[in-house]
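Everything below concerns the one structure shown next.
The values are calculated or read from the model by the stated rules, or taken from the named source; none is laboratory data. Since the structure is predicted, the reported quantities are computational estimates derived from the model, not experimental observations. Positions of Cβ are backbone-derived with ideal geometry, glycine not excepted, and every protein chain shown enters the neighbour counts. Side chains are part of the model used for accessible areas, which takes the heavy atoms of the whole protein and leaves out ligands, DNA and RNA. Shrake-Rupley method; radii C 1.70, N 1.55, O 1.52, S 1.80 Å.
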Amino acid sequence: MTNDRNKTKTINETPALRRLGPFGWAALSADKATLGGLGLLLLLSHASAASFSFSTGDPDGKIATLSRPPSLGQIQTETADDFVVTQAVVIRQATFTGLLPAGAALTSIGNVEIEIYHVFPGDSANPPSGNVLTRTNSPADVEIDSATRDGDGGRLSFSATMVNPSFSVSNSVVNGINKHPNEKTNGEGAVTGEEVLITVNFNPPISLPADHYFFRPEVLLSRGDFLWLSAPKPIVAPGTLFAPDLQSWMRNDALAPDWLRIGTDITGQGPFNAAFCLSGETDADADGVPDSLDLCPGTPAGAMVDANGCSLDQIAPCSGPASGGTWKNHGQYVSAVAQAAEAFLEQDLISADQAEEIVTQAAHSHCGFAGR
């Protein structure tokens, strides 16, 4: 995560710059006027920002399913449900609704972890094990590492709100998660508990390109289990209608990496959705910086960017300063590249060796020469 820098620094006062080699020093000494060049990026236009939201709607009272991390004497059990993003987005917040045991305090929630999965066969062994009837339209074997957020790791914060002190569902799945041919258990019956809404804020936000995904929350309680509540299928307004809307799936450590369809495989009812919402903002160039904060729209795919959404080539283009016009000379261009590389180095986006190599390549380029 990029740290904000509020302190004005001179060349001699910048610790990161001292890690640059002779090319970095020479380039910055060649034209000190370019040291304020990064501020010119403020003249660039922001991308057109739009909000992103997704919702499956409110709980429908049909089923509640376990979703907990591994703990002493308890195996990990996961429930996941799908969503679609039609363009690149940055997700800042999620909410999901489930049951706590009757009488449990909200403070019994010790941790929340969120994972995002591609749809099978992405991130999966294929063909699968054969331990389940099908993996078609299931979550992948493994999560997307870059999209995982864990409260214990400081990458999300969470809060819980009591919605209803007594909420009942017609069926539940906690332990009945079995390999084929014993997958159908019909569920474990009705359950009543405290309906709670858990709100999660991601730090950093989750950046996702357009695709079909599964959302998987886990909740650790100091006593008892968290059960994620189902939502209407098909989705009804004001939920977010989309196609194809798959269904919620479930697994535990004994079944992993495979998954079972909760409605079709386990209970013979359903299929079901699960109650959750996502919110954030569009990210048109898919660089991980939301459009409202992106000072450099149109970043090429895969380019490394700073907190402003700007790549090195956008900060110091070969064709001329980002604010317009042409470079006065080659030295001014190299100095601008060195300043940009030093900023990336300070933000731990690149190493000192990489910064030195960037400046060396700029020094050997033809950028800034007359007629180039």
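In segment 179-214, what count of residues is obtained for those that are touching a residue at least 24 places away in the same chain (Cβ under 8 Å) and touching a strand residue (DSSP E or B) at 6+ places or on another chain (Cβ under 6 Å)?
So the answer is 22.
Taking ALA50 as meeting all but one of (1) at pLDDT 95 or above; (2) of a type outside the set (S, T, N, Q); (3) surrounded by fewer than 18 Cβ atoms within 10 Å (Cβ to Cβ), write down the number of the exception.
(1)
Which numbered condition in (1) open to solvent by 70 Å² or more (accessible area, probe 1.4 Å); (2) within 29 Å of THR185 (Cβ to Cβ); (3) at pLDDT 95 or above; (4) small (Gly, Ala, Ser) is the only one that GLY73 fails?
Single failed check for GLY73: (3).
Every residue in segment 212-237 that is among the polar types (S, T, N, Q) and surrounded by fewer than 22 Cβ atoms within 10 Å (Cβ to Cβ), please.
The answer is SER222, and nothing else.
Please specify each residue of segment 52-77 satisfying the condition of being farther than 19 Å from GLU195 by Cα and of a type outside the set (Gly, Ala, Ser).
PHE52, PHE54, PRO69, PRO70, LEU72, GLN74, ILE75, GLN76, THR77
Suppose the filter is crowded, with 18+ Cβ neighbours inside 10 Å and hydroxyl-bearing (Ser, Thr, Tyr); does THR240 pass it?
Judged against the criteria, THR240 is not a match.
Restricting to segment 243-257, name every residue that is out of contact with any helix residue (DSSP H, G or I) (no Cβ under 9 Å at 6 or more places or on another chain), aliphatic (A, V, I, L, M) and closer than 28 Å to THR86 by Cα.
ALA243, LEU246
Could you tell me which residue of segment 281-335 is surrounded by the most Cβ atoms within 10 Å (Cβ to Cβ), considering only residues that are in a helix (DSSP H, G or I) and within 19 Å of the chain's Cα centre (by Cα)?
The selected residue is ASP291.
Determine if segment 269-278 includes at least one residue that is more than 19 Å from GLU143 (Cα to Cα) and touching a His at 6+ places or on another chain (Cβ under 9 Å).
No: zero hits.
Looking at (1) hydrophobic (A, V, I, L, M, F, W, C); (2) farther than 30 Å from PRO128 by Cα; (3) open to solvent by less than 20 Å² (accessible area, probe 1.4 Å); (4) out of contact with any Ser or Thr (no Cβ under 6 Å at 6 or more places or on another chain), can you tell me which one PHE369 breaks?
The one condition PHE369 does not meet is (3).
In segment 336-372, how many residues are under 35 Å from the mean Cα position of the chain (by Cα) and not in a helix (DSSP H, G or I)?
Summing the residues that are under 35 Å from the mean Cα position of the chain (by Cα) and not in a helix (DSSP H, G or I) in segment 336-372 gives 5.
Somewhere in segment 154-162, is a residue within 26 Å of the chain's Cα centre (by Cα) and of a type in the set (D, E, K, R)?
Within segment 154-162 (the criterion being within 26 Å of the chain's Cα centre (by Cα) and of a type in the set (D, E, K, R)), the answer is yes, since at least one residue qualifies.
Would you confirm, using the coordinates I've provided, whether LEU278 is under 26 Å from the mean Cα position of the chain (by Cα), open to solvent by 10 Å² or more (accessible area, probe 1.4 Å) and of a type in the set (A, V, I, L, M, F, W, C)?
Considered against the rule, which asks whether it is under 26 Å from the mean Cα position of the chain (by Cα), open to solvent by 10 Å² or more (accessible area, probe 1.4 Å) and of a type in the set (A, V, I, L, M, F, W, C), LEU278 comes out as no.
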